[in-house]
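The values are calculated or read from the model by the stated rules, or taken from the named source; none is laboratory data. Nothing here was measured: the structure is a model prediction, and the numbers come from that model. Virtual Cβ from ideal backbone geometry, glycine too; neighbours counted across all protein chains shown.
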Amino acid sequence: MSDDLYNDARWLVGAIARGLHARGGVHVEEVLQRLAEQDMTRGDFVEPRSQNLPVTHYFAPSIAETMMLESELAAAIASLDGHLKWLQSKSYTDEILGAGFMENYGWCEIIGPQGFFNGDDFILGLLMLGPHRHYKDHYHPAPELYWPLTGPTKWKQGSSGFEMKQAGEVIYHAPNVHHATKTANRPLLTVWCWTRDTHTPAKLVDA
Ligand SMILES: [Fe+2]
């Protein structure tokens, strides 16, 4: 195991925490409080089996865009390029989510069972969506915070319509609220966090 990789993973967690702290708000505080409870010592570190996906084609341009918003965070994410394990939810298909969706979607964990630190019922990761995609209504028991680093993108929850969110704004989804995301002409790179009740995966409403 590499000390450099451990330090880079810690750097990314720190950069996310500092960026979120600067934004503030009740749901951000909840994330930061849960984050502070996680074990992230050298002994807790594991190196995930890295894996890229077609969507990681957008990784470099998304990092370049993030550089304009949060330069330290962008550098910290870039430092882990090639070491992240990009994954997809197993129940998702192009049939449900639209032709080409699976080539334009993926997520990885920084803290979580598939990340660098196992986490205690807590997942902190990154999600990417390619341009012109609609991640349809889905839900899960975990309270969720998104912090998009690129954009603008559109977000919807409950019975309200899609709302435009700029890069850097935070979005909170309460447990089991239906929510959806749309990208326009640019890819989305976002930080995401499930603060508890992480053992039940997301379920699509239409599946
Ligand atoms: Fe979600």
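Things to note:
- Every condition in (1) farther than 24 Å from residue 197 by Cα; (2) not in a helix (DSSP H, G or I) is met by residue 39 except one, and the failing one is (1).
- For segment 155-167, the criterion of being more than 15 Å from the ligand (Cβ to nearest atom) and closer than 21 Å to residue 109 by Cα is met by at least one residue.
- Any chance residue 125 is within 14 Å of the ligand (Cβ to nearest atom) and either farther than 23 Å from residue 54 by Cα or surrounded by 19 or more Cβ atoms within 10 Å (Cβ to Cβ) (or both): yes
- Every listed requirement among (1) within 16 Å of the ligand (Cβ to nearest atom); (2) touching a residue at least 40 places away in the same chain (Cβ under 8 Å) is met by residue 115 save one, (1).
- Pairs with Cβ under 8 Å, 6+ apart, first in segment 132-144 and more than 8 Å from the ligand (Cβ to nearest atom), second among the acidic types (Asp, Glu) and modelled with pLDDT under 95: 136/206; 137/206
- Breaking point among (1) in contact (Cβ under 8 Å) with a residue 60 or more places away in the chain; (2) surrounded by 15 or more Cβ atoms within 10 Å (Cβ to Cβ); (3) more than 11 Å from the ligand (Cβ to nearest atom), for residue 102: (1)
- Strands (runs of 3 or more DSSP E) fully within segment 90-202 that include at least 3 residues being under 17 Å from the mean Cα position of the chain (by Cα) and modelled with pLDDT of 95 or more: 105-111, 123-129, 134-139, 144-148, 153-157, 171-173, 179-182, 188-194.
- Flag if residue 149 is out of contact with any Cys (no Cβ under 6 Å at 6 or more places or on another chain) and within 14 Å of the ligand (Cβ to nearest atom): no
- Residue in segment 69-85 that is more than 17 Å from residue 16 (Cβ to Cβ), without any contact (Cβ under 8 Å) to a residue 60 or more places away in the chain and surrounded by fewer than 22 Cβ atoms within 10 Å (Cβ to Cβ) present: yes
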